[in-house]
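Chemist: Here you go, one structure.
The values are calculated or read from the model by the stated rules, or taken from the named source; none is laboratory data. Every value quoted in this text rests on a predicted model; they were computed, and no experiment measured them. Positions of Cβ are backbone-derived with ideal geometry, glycine not excepted, and every protein chain shown enters the neighbour counts. Protein only, heavy atoms only, side chains kept; ligands, DNA and RNA dropped before computing areas. Shrake-Rupley method; radii C 1.70, N 1.55, O 1.52, S 1.80 Å.
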Amino acid sequence: MEKNYYLTLPNAISASRLLLSPVLLLLAWNGCPTAFIVVAVVAFLLDALDGPVARLMHQVTELGPRLDTWADLTIYFVLPVCLWWLWPDLVRRELPYIVLILASLVCPGIAGLVKFRGLTS
């Protein structure tokens, strides 16, 4: 059932998440916490949508999981930087928990790179 076309709604959703990463950085750098939170929530909602939309619309592509993985990685690496810029005191206070969260995101990726010699999707 896998299709080989790339211009699909689910892929556009994943690509939009990639495009939201620099927006998050810009908002954090400029000290806009409310707008940052709104955009971050939108990014997480879009993350929840792309897979179900792909299956519902029968628009599963080879690119989709890779694009989703790259969007996830981009958002996950941008968020700690943004949090530091916006709320450095909070980050310092909650650092052990933030490190655990980051490790839970990074370790599976590293394991996938070691085992499969590439990013898992």
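Chemist: Filter the range 102-121 down to the residues that are in a helix (DSSP H, G or I) and open to solvent by 100 Å² or more (accessible area, probe 1.4 Å) and list them by number.
Modeler: If the condition is that a residue be in a helix (DSSP H, G or I) and open to solvent by 100 Å² or more (accessible area, probe 1.4 Å), then VAL114, LYS115, PHE116 are the ones that fit.
Chemist: Also, I was wondering about something else. When you look at ARG92, is it farther than 19 Å from THR120 by Cα, open to solvent by 60 Å² or more (accessible area, probe 1.4 Å) and either assigned to a helix (DSSP H, G or I) or in contact with a Cys (Cβ under 8 Å, 6 or more places away or on another chain) (or both), yes or no?
Modeler: Answer is yes for this residue.
Chemist: Which pairs have Cβ atoms under 7 Å, sit 6 or more apart or on different chains, and link a residue in the range 44-73 that is closer than 9 Å to SER14 by Cβ to one that is of a type in the set (Ser, Thr, Tyr) and part of a helix (DSSP H, G or I)?
Modeler: LEU46/SER16; ASP50/SER14; GLY64/SER14; LEU67/SER14; ASP68/SER14; ALA71/SER14
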